[in-house]
Amino acid sequence: MKYIDDFRDGELACALGAAIHAEVRPEREYRLMEFCGGHTHAISRYGIADLLPPQLRLIHGPGCPVCVLPIGRIDQAIRLALEHRAILCSYGDTLRVPASDKLSLLRAKGRGADVRMVYSPLDALQVARANPGREVVFLAIGFETTTPPTAVAVKQAQAEGLRNFSLLCNHVLTPAAMHAILAAPGGVQLDGFVGPAHVSTVIGSAPYEPFARDYRKPVVIAGFEPLDVMRAIQMLIRQINDGRAEVENEFTRAVTPEGNLKAQALVAEVFELRNDFEWRGLGTVPASALKLRAEFTAFDAEARFGVPYAAVPDHKACECAAILRGEKRPEECRIFGTACTPDNPVGSCMVSSEGACAAHYTYGRFREAAPVTTTTSA
Amino acid sequence: MKSAHSRPLDLMNGHVDLSHGAGGRAMAQLIEDLFARELGNEFLAQGDDGARLPACAGALVMATDAHVVSPLFFPGGDIGCLSVHGTINDVAVMGARPLYLAASFVLEEGLPLADLARIVSSMAAAAREAGVPVVTGDTKVVERGKADGVFITTTGVGVCLDGVDVSGANARPGDAVLISGPLGDHGMAIMSVRENLAFDAPIVSDTAALHGIVAALLAAVPDTRVLRDPTRGGLAATLNEIAHQSGVGIVLDEAAIPVRPAVAAACELLGLDPLDIANEGRLIVVCPASSADRALAALRAHPLGRDAARIGDVIADDRHFVQMKTRFGGRRMVDWLAGDALPRIC
Ligand code: SF4
C-alpha cells in the first residue's frame, strides 16, 4: 500500500508539473503518444493533463487490447457460441464489444449462447475440465503481457490431454502496431512515445530501439502509476529539447533491456507469427499477431470449427479507427456521449476503461464545456 | 403448547426441501421452530396472514429491498443482518424512524437448515438491536438450481421525523457533502472472499443500521437537506443521483475521502475504484455549509460516525456532473459505473 501511495504523491506531482512547465519551450508543441490503454486510463483518472503545460499534447495510442479487436473477430466468437454451441470464455470487457447484427457476446448470451466471463485462461481450462461433454473455447486477446498465461493454459491442456479446450487466438504485438502508426502515409505527427509498462516487462526495452534509430522518435518506457507517466513525459521533453532520440527506461524497477526471457521462450514454444492480422484502426498489419504453432493446431478453434475470419466495416459514425491511429480525439466523434456511451457502446473504444472514448467519457468530459465556477473550500 | 409435529426440526444436519414451502405440516414446523422462535414478537404471535399494527401519528415512509448476496456469510455479517440493515437504512435516510419490518424468504431446496438457522438468528439479533421487529413474513421454497441458497426481501415502514425535509432533490449550490465513514468496506469484504484475497486484517463489512446516527444528526442539524446510504454503485452512483435529482454539480476532494488502506489495496488489485464499491452502513449527508461543522461533530460523536469527513461541495452546474480534485492535483469526473462490475453484492 505504501508502495502505491509513493507513486501518487500529490506534492511530488505538483513539483514535477512545475518542472515540466519550466522545461518546455514556449514556442513549440510536444506531441507525445501514450501507447498503452493503461497509461490512457491513468492520465484520465488522475487528471494529469491539468498538471501539464498547454504546449504538451498527449495522444492516445492503440494499446487497448479490446479496442483494436475488429468486429469480425468478435463475430467469430459469437458464431462459435451460437452455431457450434461451444462454451465461450473471455475477459469481461470483451463480452461487451459490439459486433455484427446488433450482437455482442453478452447479447448472444441473452439469446441462449453459453458465454462465461473469466479472469484468466486458467479459469477457462477449469471450465473445460468441469464440462467434459462440451467444447470450451477461450477467446484470447491482448498484447505481450497476456500471451504468456495463454501459452501456459495451452501447454497445460496438452499435458492433461484436454480435448474439449481450444483457443480463438487474437494475441497481438506492440512493436508492430507502433511501426504501423509511424509508417502510415499522412498519419499522425508524433514527437515521441510514452512506452508500455507491463508489455515491456515481458519484451524488454530493446525492441523499441528501431523507433529511436530509424524513425528518430524518443521512447521512454513508463510504469502505470501517475508519477511514472509524468516522469516519462519530463524525460521525453528533455530528449526532444536536446535533439536526442533514444530508448530510455523510467520503469527500471520492473523493465530490463532483454525482458522476461522465460516468458518469451514459453510464448515462442506455443505461438508463431501470423503473416498478417487485421486491426481495428490500423488495418491489415503484416507480422503483427500470433497464432498457435502446428504442434498445437488441435487447440486452434479457428481450424477446429472452421470459422474463418471475415472483415466487417465499423459502424458508419464510429471514429474508433482514427482515434486508434491517434488522428482524432474522442470528442470529435459525433455520436460520442449521445448514441455512444459506456452503457451502450457503439464502438470498441467506449467499452474498456482503457479505451480512449471510455476514459474520456468517464473521467474527462467535464473539460469540454466552460470551466465551472466552484464554491469549494478545498 | 404441545407441538403437532412428531419429529423435531433437524437444525444440525437437515436440509430445506420442497415440503418446507408447500403449506403443509413441514412448513408450519419450520415457521414455528425457526422463524417464530427466533424473530418472535407480539405481532408475529398474532399468527395471522398479516400484522395488525397500532395507529401512529405522522407521515408514513415505506421501503423495500431484495437481498441476493453471494456468499451468504461474509466477514462482518451475513444475508440475515444485511436484509434488516438494508431496509432500515432505506427508511432512515428518508428522515424517518423505522418501526416495523416484513420479511419474505425464497429458499433453495437443499439449503442446510443449520445455515438457515444462522441467518434467521442473525436477522433476529439485528432487528432486536435496532428495535425494529419483523412483524410478518412469508417463505417459499424453489427447486435446487432455481435460487442460490436464500434470497430475502424485506419491507420496512417508518414514520417521518417532525420538521425534517430530506430528499435527494434538496441539494443546493454552496452546500457541504459529508460521509460518515470509510468507503467500500462492504463490497470489498465480499469481493475478498469471492476472489480469495488474504489480508493481514480481513476487510469487514460495514453493515449496520443507520437510524440511530440519522436521528442524532437530524437532532443537531434539522436543516439537513439530503441523506442517502451509498449502497450498490457506491458513493459515485449515489452522488450522481443526487446531482441529477437536485439539478446541481458536486466537486469532491479526493484527499478528504476516507478509504481504509486494505480496501484501497484490494481495489487496486482488482482494478476497482473505492468510490464505486457498495457500502451497507455509511451515510451521505448534504447540508448547508454553515451547518457542516455541527453535522460533522454530530456524526463523529456517534459510534458509527467516528471517521466521518467533509468530502466536497455542491456547485451550480447545469450538466449535473460530479467532479473530483484528485489527490494527484488534477481533476476528473466521477461517473456512474458502466455495466455491472460487481453483481450479487447485497
Ligand atoms: S464515441 Fe463510440 S462510436 Fe465514437 S469513436 Fe468512440 S467508441 Fe466509436
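Spacing of the modelled spin labels on residue B:289 and residue A:155, each 7 Å from Cα toward Cβ, amounts to 6.2 nm.
Basic side chains Lys and Arg get +1 at the Cβ, acidic Asp and Glu get -1 at the Cβ, and with that the dipole of chain B about its Cα centre reaches some 360 debye.
Counting only lysines at least 8 places from residue B:325 when in the same chain, those with an alpha carbon closer than 26 Å to its own are A:2. Between amide H atoms placed 1.01 Å from N, distances below 5 Å from residue B:323 occur with B:250, B:251, B:252, B:334, all of them 5 or more places distant or on a separate chain. Its alpha carbons give chain B an Rg and a Dmax of 21.2, 71 Å.
Rg over Rh for the range B:18-160 works out to 0.96, using Cα positions for both radii and the Kirkwood form for Rh.
Coupling constants for the range A:128-142 follow from the phi torsions by the Karplus curve (6.51 cos²θ - 1.76 cosθ + 1.60, θ = phi - 60°), and in residue order they are 5, 5, 6, 10, x, x, 10, 7, 10, 10, 9, 7, 8, 10, x Hz; glycine and proline get x. Annotation: the antiparallel percentage among DSSP beta bridges lying fully within chain B is about 75. Would you mind getting me the FRET efficiency between residue A:254 and residue B:55? Use the beta-carbon distance for r and R0 = 60 Å, nearest 0.05. Plugging the Cβ-Cβ distance into 1/(1 + (r/R0)^6) gives 0.30. Within the listed set A:160, A:331, A:144, the Gaussian network model of chain A (springs between alpha-carbon atoms below 10 Å) gives the highest mean-square fluctuation for A:160. Phi-derived couplings, Karplus 6.51 cos²θ - 1.76 cosθ + 1.60 at θ = phi - 60°, listed residue by residue for the range A:261-276: 5, 5, 5, 4, 5, 4, 5, 5, 6, 9, 10, 9, 5, 7, 4, 7 Hz, with x used for Gly and Pro.
Cβ-Cβ distance of residue A:206 and residue B:73, R₀ of 60 Å, FRET efficiency by 1/(1 + (r/R0)^6): the value works out to about 0.70.
Per residue, the range B:176-333 exposes 32 Å² of solvent-accessible protein surface, assessed with a 1.4 angstrom probe and all protein chains in place. Only helices enter this figure: runs of n ≥ 4 DSSP H residues, each worth -39500 (n - 2.57), summed and divided by the residues of chain A, yield -10000 deg cm²/dmol at 222 nm to the nearest 500. The simple Förster model, with R0 at 30 Å and r as the Cβ-Cβ distance, assigns residue B:62 and residue B:245 a FRET efficiency of 0.95.
Rg/Rh for the range A:311-361 stands at 0.91; both radii use Cα atoms, and Rh follows the Kirkwood definition. Split chain B at each of the trypsin sites (Lys or Arg not before Pro) in a DSSP loop with at most 16 other beta carbon atoms within 10 Å, and the longest piece is B:147-305. Calculated on the alpha-carbon coordinates, the convex hull of the protein assembly as shown measures out at 172 cubic angstrom per residue. The loop-placed trypsin sites (Lys or Arg not before Pro) in the range A:74-173, going by DSSP, that have at most 14 neighbouring Cβ atoms within 10 Å of their Cβ come out as A:85, A:111, A:134, A:163.
What does the C-alpha gyration tensor say about the overall shape of the range A:213-362? Classify as rounded when a/c is under 1.5, otherwise prolate if a/b is larger than b/c, or oblate. Oblate is the answer for the range A:213-362, as a/c is 1.5 or above yet b/c matches or exceeds a/b. Given springs between every Cα pair under 10 Å in a Gaussian network model of chain B, which of B:165, B:206, B:317 has the largest fluctuation? Residue with maximal mean-square fluctuation among B:165, B:206, B:317: B:317. Under 5 Å from the amide H of residue A:142 lie the amide H atoms of A:172, each residue being 5 or more positions distant or on a separate chain, with H modelled from the backbone and absent for Pro and chain starts.
Once A binds B, the 1.4 Å probe can no longer reach about 2700 Å² of accessible area, counting both sides. Shape index of chain A: Rg/Rh, with Rg the Cα radius of gyration and Rh the Kirkwood radius from the inverse mean 1/r over Cα pairs, equals 0.98. Using alpha-carbon pairs under 8 Å, 6+ residues apart, how would you state the relative contact order of the range B:176-333 in percent? Answer for the range B:176-333 is 43 percent. Stretched out straight at 0.36 nm per residue, the stretch from residue A:84 to residue A:295 would grow longer than its current Cα-Cα span by 73.6 nm. Only Cα pairs under 8 Å and 6+ residues apart enter the sum, and on that basis the relative contact order of chain A stands at 22 percent. Is the C-alpha gyration tensor of the range B:204-277 telling us rounded, prolate or oblate? Criteria: a/c under 1.5 is rounded; beyond that, a/b larger than b/c is prolate, otherwise oblate. Oblate.
Amide H to amide H, with H built 1.01 Å from N, residue A:271 comes under 5 Å of A:293, counting only residues 5 or more places away or on other chains. A crude spin-label estimate for the pair residue A:213 and residue A:189, with each label 7 Å from Cα along the Cβ direction, gives 2.8 nm. Highest mobility in the GNM of chain A, judged by mean-square fluctuation with C-alpha springs under 10 Å and restricted to A:164, A:249, A:275, is found for A:275. So how far apart, in nm, are the two label points at residue A:265 and residue A:343 if each is 7 Å from Cα heading toward Cβ? Those two pseudo-labels are separated by 5.2 nm. Label the range B:176-333 by shape, choosing from rounded, prolate and oblate, from the square roots a ≥ b ≥ c of the eigenvalues of the Cα gyration tensor; if a/c is under 1.5 it is rounded, and otherwise prolate applies when a/b is larger than b/c, oblate when it is not. It comes out oblate by the Cα gyration axes.
The values are calculated or read from the model by the stated rules, or taken from the named source; none is laboratory data. Predicted model only: the values in this text are computed from it and were never measured. Using ideal geometry, Cβ is built from the backbone for each residue, glycine included, and neighbour counts are taken over all protein chains shown. Calculation scope for accessible area: heavy atoms of the full protein, side chains included, ligands and nucleic acids excluded. Shrake-Rupley method; radii C 1.70, N 1.55, O 1.52, S 1.80 Å.
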